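Each remark here refers to the structure printed beneath this line.
The values are calculated or read from the model by the stated rules, or taken from the named source; none is laboratory data. Just so it is clear, the model here is predicted, and its values are computed rather than measured. Quick reminder, even Gly has a Cβ in these numbers, built from the backbone with ideal geometry, and neighbours come from all protein chains shown. Quick note on the areas: whole protein, heavy atoms, side chains included, nothing else; ligands and nucleic acids left out. Shrake-Rupley method; radii C 1.70, N 1.55, O 1.52, S 1.80 Å.
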Amino acid sequence: MNNHDFGIVGLGVMGRNLLLNIADHGFSVVGMARDPKKASTLLSESEDHMQVSATTDPASFVRQLKSPRAIMLLVPAGKPVDETIESLLPHLEKGDIIVDGGNSYFTDTDRRFIELQAKGIHFFGMGVSGGENGARFGPSMMPGGDKKAYERLRPIFEAIAAKVNGEPCVTYLGNGSAGNYVKMIHNGIEYGIMQLIAETYDLMRKVLGIKDSLIQETFSSWNNTNLKSFLIEITGKVLNKFDGDTDVRLINVISDVARAKGTGKWTSQNAMDLQVPVPTIDAAVNIRDLSKYKDQRRQASSKLIWESTAHFTDDQTEILNTLHDALYFSIINTYAQGMAQLQVASEHYDYGLNLEDISRIWRGGCIIRSVSLEDFRQAYIRDPRLPNLLLDDKIGSDLSDKQKSARSTIKLAVDAGVAVPAFMSALSYFDAYRSAELPTNLIQAQRDYFGAHLYERTDSTGTYHSIWD
């Protein structure tokens with residue numbers, strides 16, 4: 001009793017894997033679950049670890065932890081988090097630490113941070129990315145909360161995190177809900193990249209008529225280029241999986257009705273609150289929503305007809321290279337949108353985020369890890385207050401060189417009548433961002449016409465109203 005280094009509440013697959021990861025690195029751990037079967041499963045999976053125990057009783061769980069106690073919650077976001085905290089509080093003491101490792105909405109984390117601070121309990125919201133395998137063998141972790149209290153957690157988190165060039169993919173990120181907020185943006189970027197990859201796959205099969213085997217080979221080969229990333233890697237693996245029942249590629253029998261847990265939507269909603277444009281993330285959220293209208297889409301497919309006028313070169317290698325560069329161009333634009341949102345949010349919420357640190361810890365373990373993140377890290381080293389990655393000379397020059405491929409790809413999709421909203425939004429974002437003048441002067445004039453909302457002039461200071469009629 002009173003000798004375990006760390007405790008986890010919630011022994012689903014993620015909780016068990018993370019707990020076993022901690023035990024692998026020499027720390028003694030205790031897990032708690034309401035379901036006795038889950039506690040038993042942990043003990044059976046940890047037979048080789050003498051320093052692992054499990055319980056279903058909150059009092060026993062807390063008694064087994066050394067002080068100050070460090071406890072992570074891996075339970076569903078929302079009410080279950082509050083209920084779990086309430087069950088632990090009677091047994092905790094001032095100075096103890098609770099870490100919420102789920103995808104909680106950042107405002108909920110702020111509320112819990114303040115409530116527990118009044119009781120002398122340190123509260124952390126920590127994003128954990130990497131899925132089940134990452135939890136077991138090395139995730140990327142994004143903690144935010146009290147900086148001094150983080151020292152109690154740091155040795156454990158740095159030991160179990162994914163490593164890139166020996167550097168752990170975890171660091172203290174900032175005040176309050178900074179950790180949960182960064183994870184929310186991570187997931188928003190993830191939505192955008194996944195949609196772009198799906199649109200690329202769609203163009204390959206519907207417009208270019210490429211066989212399944214070559215599509216799979218293409219994605220696998222792209223993982224050896226500047227597109228190298230976890231999501232490109234698993235796309236090649238997913239496309240190579242055959243269904244045991246039908247003996248066809250499994251992808252061809254999977255429903256196109258997409259699910260979502262809400263983090264992409266939260267990113268879009270919060271971006272609108274902060275007035276930060278993230279159009280590619282918005283497009284990805286919208287398409288998941290549209291996918292749910294399956295019956296209507298079936299009806300529309302027979303009524304809203306477009307005869308393809310697409311023309312493309314017979315040189316398959318050339319067109320795949322164009323598609324490759326268009327995908328790269330659009331993915332970098334998606335990262336740029338998410339990182340710009342982080343920059344604005346850091347100031348707005350007083351997080352004190354360091355985007356170089358975020359780029360560094362995203363290089364390994366997490367779902368959006370890619371070779372490009374090292375480029376982003378270097379960009380933020382060059383200019384820590386860089387407002388947008390597109391303004392970095394190296395990244396901006398690279399995208400300028402590849403914009404032709406994005407334009408060609410979108411033209412092809414438009415002529416073929418194939419939806420590519422993520423590609424289109426990425427290019428539109430790029431074009432709007434590089435526009436010294438936008439047509440929004442007309443919008444200002446219209447607003448003043450019908451609502452006397454005033455406008456500013458380019459040739460003088462102040463605000464003005466005109467009598468338009």
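Just one of (1) in contact with a helix residue (DSSP H, G or I) (Cβ under 7 Å, 6 or more places away or on another chain); (2) among the small types (Gly, Ala, Ser); (3) open to solvent by 10 Å² or more (accessible area, probe 1.4 Å) trips up Ser397, so point out which. Of the numbered conditions (1) in contact with a helix residue (DSSP H, G or I) (Cβ under 7 Å, 6 or more places away or on another chain); (2) among the small types (Gly, Ala, Ser); (3) open to solvent by 10 Å² or more (accessible area, probe 1.4 Å), the odd one out for Ser397 is (1). Only a single item in (1) at pLDDT 95 or above; (2) closer than 22 Å to Ala422 by Cα is not met by Glu356, and it is number (2). Cβ-Cβ contacts under 7 Å between residues 6 or more apart (or on different chains), taken from a first residue in region 250-265 that is assigned by TED's automatic domain parsing to the domain that holds Tyr293 to a second residue that is acidic (Asp, Glu), are listed as Leu250/Asp243; Val253/Asp243. It is to be established whether one or more residues within region 40-49 are within 27 Å of Asn180 (Cβ to Cβ), touching a residue at least 12 places away in the same chain (Cβ under 8 Å) and touching a strand residue (DSSP E or B) at 6+ places or on another chain (Cβ under 7 Å). Checking region 40-49: at least one residue is within 27 Å of Asn180 (Cβ to Cβ), touching a residue at least 12 places away in the same chain (Cβ under 8 Å) and touching a strand residue (DSSP E or B) at 6+ places or on another chain (Cβ under 7 Å). Of the candidates Lys237, Lys241, Lys228, the single residue that is of a type outside the set (Gly, Ala, Ser), more than 13 Å from Thr200 (Cβ to Cβ), open to solvent by 30 Å² or more (accessible area, probe 1.4 Å) and under 20 Å from the mean Cα position of the chain (by Cα) is Lys228.
Out of all the residues in region 445-456, is one or more of a type outside the set (Gly, Ala, Ser), under 20 Å from Asn226 (Cβ atoms) and either touching a residue at least 12 places away in the same chain (Cβ under 8 Å) or not assigned by TED's automatic domain parsing to the domain that holds Ile331 (or both)? No - not one qualifying residue is present in region 445-456. The set of residues in region 1-39 being on the phi > 0 side of the Ramachandran plot and either crowded, with 21+ Cβ neighbours inside 10 Å or under 29 Å from the mean Cα position of the chain (by Cα) (or both) consists of Gly10 alone. In a residue-by-residue description of region 416-432, the property of being over 30 Å from Leu290 (Cβ atoms) and part of a helix (DSSP H, G or I) applies to no position. Checking each residue in region 351-389 for being touching a strand residue (DSSP E or B) at 6+ places or on another chain (Cβ under 6 Å) and either within 15 Å of Asn333 (Cβ to Cβ) or among the acidic types (Asp, Glu) (or both) picks out only Ser370. The criterion of being part of a helix (DSSP H, G or I), among the charged types (D, E, K, R), open to solvent by less than 30 Å² (accessible area, probe 1.4 Å) and in contact (Cβ under 8 Å) with a residue 24 or more places away in the chain does not hold for Glu190. Out of curiosity, is Lys241 touching a residue at least 24 places away in the same chain (Cβ under 8 Å) and more than 21 Å from Leu412 (Cα to Cα)? Against the criterion (touching a residue at least 24 places away in the same chain (Cβ under 8 Å) and more than 21 Å from Leu412 (Cα to Cα)), Lys241 does not qualify. Of Lys148, Lys206, Lys119, Lys183, all but one fail to be charged (D, E, K, R) and crowded, with 19+ Cβ neighbours inside 10 Å; the exception is Lys183. Within this structure, Arg385 passes the test of being under 30 Å from Pro143 (Cα atoms), part of a loop (DSSP other than H, G, I, E, B) and at pLDDT below 95.
Give region 78-97 a look and list any residue that's over 22 Å from Asp350 (Cβ atoms) and either open to solvent by less than 50 Å² (accessible area, probe 1.4 Å) or of a type in the set (Val, Ile, Thr) (or both), or say none. Within region 78-97, Gly78, Pro80, Val81, Asp82, Thr84, Ile85, Ser87, Leu88, Leu89, Leu92, Gly95, Asp96 meet the criteria.
Residues of region 275-300 that are open to solvent by less than 80 Å² (accessible area, probe 1.4 Å) and over 23 Å from Met194 (Cβ atoms): Ala300 alone.
Of all the numbered requirements in (1) over 30 Å from Gly131 (Cα atoms); (2) without any contact (Cβ under 8 Å) to a residue 12 or more places away in the chain; (3) in a helix (DSSP H, G or I), Leu290 misses one, and that requirement is (1).
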